[in-house]
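Let me begin by presenting the structure, written as structure tokens, before commenting on it.
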Amino acid sequence: MNRKVGPRWALVVFLVLAIYPLFPAFDGWFFSATARSLGAQMPTLFIFAILAMGLNLVVGNVGLLHLGIAAFFGIGAYTMGILTVPAYPFEIGFWLALPCGIAAAAAVGLFIGVPTLRLRGDYLALVTLGFGEVVRFTLKNLDAITAGTRSLVPVPPPATPILTVDWLQDFRPFYYLTLGFLVIVYWMLGSLERSKLGRAWVAVREDELAASCMGLNVSRLKLSAFICSAGIAGLAGGLYASTITSTAQPDAYDFNRSIFLLCCLILGGLGSRNGVLLGVFLLYGFDQILSPIVDEKLQLAYGAPIRREFLGIPISAQMQTFAGWRLFLFGVVLIVMMRYRPSGLIPNDRIKEELPPDPDARPATK
């Protein structure tokens, strides 16, 4: 992919997203048969795009298999909740709590990264997976601080003393807030990739031994990427808690969340910011936006499912819906992608060149 095309492609997408709320008639046309609003669901999509780009920093740019990104996401969300909900005496507000959530997630990333980043491959993946489960059970069992499974509510919206903004009834304030942070993170990571630090990360990903022989401190480079990724996840967590006015239950930050984001990277393209955006838009859009819409329209057209068995095999009500097959479709898509396009839909140039040639491909003949 031409490197000049990527920024232009992203610029067009961001411009379209920026003007979308100015045309509310689109929701009425596309969602005419349902009570859903695409604009109201887009802030969550933008937040997951920020989180996925944080994961891509470690997995795609440095080559470390990280399976605990949801834990840092939860740390950011609960830091936001503890510092802003009326149940605690802090109530410092969104604009002060958000940097605190970023700092808390980054500090935990430093604490975990120093002893564990000496591990490689599957061992590092297992450690990050275990850390994610430890954080989830800690949030669930610290009832006096995190409210256990009840979550912390209500997380107040950002204060805007100059402007009068209805954060709860109008989706546009959170829409533009989360979109603005997504653009900032996208630009920041692009600058990092072109910097000396970003090139050093790529060197570590391609060959740790060669990078260390060239005088690079591999441990520090890994740790810096791990901390940056944790901080971005904390940013996404703080935005998420404020958007849904709750920290959500601890199970919202489980292993499935991390795997879902990793699937977005694989589908879009490891190491490619544009690929990450596309992967999140496709998978989250299919899972949380398209599937419920299709189910509602099928419900209106055909009524409730009435078949309870097929060829003597019981059929659950969930499997009679379009959304009930989404995990099956995810698996099929990933298998096809890994077979025919392992570099992703919008591959990173360097990673694409690293892939071995297709053994089934035949040389071109004149």
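The values are calculated or read from the model by the stated rules, or taken from the named source; none is laboratory data. Because the structure is a prediction, the values reported are computed rather than measured. Cβ placement follows ideal geometry from the backbone for every residue including glycine, while neighbour counts extend to all protein chains displayed. The accessibility values were calculated without ligands, DNA or RNA, using every heavy atom of the protein model including side chains. Shrake-Rupley method; radii C 1.70, N 1.55, O 1.52, S 1.80 Å.
Quick notes on this structure:
- Calculated diffusion of the stretch 192-299, Stokes-Einstein form, Kirkwood radius summed over Cα pairs, 25 °C and 0.890 mPa s, µm²/s: 148
- Overall dimensions of the stretch 9-147 as given by Cα atoms, namely Rg and Dmax in Å: 18.9, 54
- Dipole axis of the stretch 109-254 (+1 Lys, Arg; -1 Asp, Glu on Cβ), positive-most option in 244, 155, 182: 182
- Potential lengthening of the chain between residue 259 and residue 340 amounts to 27.0 nm, from the contour at 0.36 nm per residue minus the alpha-carbon distance.
- Per-peptide packing, taken as the mean over residues of other Cβ atoms within 10 Å, places 261-274, 129-142 in the sequence 261-274, 129-142 from highest down.
- Sorting the segments 222-231, 51-60, 245-254 by their residues' average number of neighbouring beta-carbon atoms within 10 angstrom, most packed first, yields 51-60, 222-231, 245-254.
- Area accessible to solvent at residue 219, 1.4 Å probe radius, in Å²: 80
- Inter-label distance for residue 22 and residue 166, nm, one decimal - labels placed 7 Å from Cα along Cα-to-Cβ: 2.2
- Against the criterion of solvent-accessible heavy-atom surface with a 1.4 angstrom probe, 220, 339 sort, most first, into 220, 339.
- Pair residue 295, residue 65: separation of 7 Å Cα→Cβ label points (nm): 3.2
- Given a 1.4 Å probe and the protein chains as shown, residue 206 ends up with an accessible area of around 100 Å².
- Difference of contour (0.36 nm per residue) and Cα-Cα distance, residue 14 to residue 92: 24.9 nm
- Each peptide in 284-294, 232-242 gets a packing score, the mean of other Cβ atoms within 10 Å over its residues, and the list from highest to lowest is 232-242, 284-294.
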